[in-house]
Amino acid sequence: MPAIDAAPYSFPFEPARAALLIIDMQRDFLEPGGFGAALGNEVGHLRGAIAPTRAVLTAARAAGVCVIHTREGHRPDLADLHPAKRRRGNHATTIGDAGPMGRILVRGEAGHAIIPELAPIEGEAVIDKPGKGAFYATDLAAILAARGISQLLIAGVTTEVCVHTTLREANDRGFDCLVMSDCTGSYFPEFHAAALAMVSAQGGIFGWVAPSAAVLAALA
Ligand code: C5J
């Protein structure tokens, strides 16, 4: 079994029971003019996660490891958008409003798409989620169960929001989760560091953390 060198101890990787889960690597979060920018964030902070995630994605595909992508966003009629989520922050431009990449965080709009560098290919599930966690109001749990997946290798943005929410949901559902430190990113570098530290603290209370190099070594 190709163990992955991780914190707080080595991850017992089982490729046939693992999925690479890439969270919300969408134009709305990573490019100017999207949801992240509308909240006042510097989107450039997230772009460092793209190249390492692409390397892991390429290696996972070559190794035959299941790949699943998620996208945060809402139906065009916003029927699945809690008013509280829309109101939150009291920003001038918010979810459903028009922006340079179409309506913000709305399914089917240009900004909702996964960035071209990490675009899904045939056979890879894409989970559309209305919340921060990928299990809430989605069929992710059913898809993982049908494929016999019990381990998640997690990449994506942002570390302390959708990555952490999904990780916590997965942990409570019995999945072993490994978060890749350089394949995740936050608009706030200090939140990124703290969020990663929270995962592996206390003997791995939420799971494991490793750099992509360790995962690539195990996939090779
Ligand atoms: C946020 C996410 N930050 N994908 N979404 O609103 O982390």
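Below, the figures for the structure above:
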quantity: Fraction of alpha-carbon pairs over 29 Å apart in the chain - percent; calculated: 21 percent
quantity: Listed peptides 76-88, 194-206 by packing density, highest first (mean Cβ within 10 Å); calculated: 194-206, 76-88
quantity: In sequence order, calculated HN-Hα J values of region 6-13 (Karplus, 6.51, -1.76, 1.60; Hz; x Gly/Pro); calculated: 9, 9, x, 7, 5, 8, x, 5
quantity: Considering only region 3-219, percent of DSSP beta bridges that pair antiparallel, nearest 5; calculated: 15 percent
quantity: Ordering of 89-102, 61-74, 8-21 by burial proxy (mean other Cβ atoms within 10 Å per residue, highest first); calculated: 61-74, 8-21, 89-102
quantity: In order through region 26-34: 3J(HN,Hα) via Karplus (6.51 cos²θ - 1.76 cosθ + 1.60), integer Hz, x for Gly, Pro; calculated: 9, 4, 4, 9, 9, 10, x, x, x
quantity: Binned Cα-Cα distance frequencies in region 24-131 - 5 Å width, integer %; calculated: 2, 12, 21, 23, 18, 11, 7, 3, 1, 0
quantity: Per-residue [θ]222 nm for the chain (sum of -39500 (n - 2.57) over DSSP H runs n ≥ 4, rounded to 500); calculated: -8500 deg cm²/dmol
quantity: Separation of the Arg173 and Arg75 label points, Cα + 7 Å toward Cβ, nm; calculated: 2.1 nm
quantity: Theoretical gain in end-to-end length, Arg17 to Ala217 [0.36 nm per residue, Cα-Cα removed]; calculated: 70.2 nm
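Here, each number is a calculation from the coordinates, and none is a lab measurement. The structure presented is a predicted model; accordingly, all values stated were derived computationally and were not measured. Every residue, glycine among them, receives a Cβ derived from its backbone with ideal geometry; neighbour counts consider all protein chains shown.
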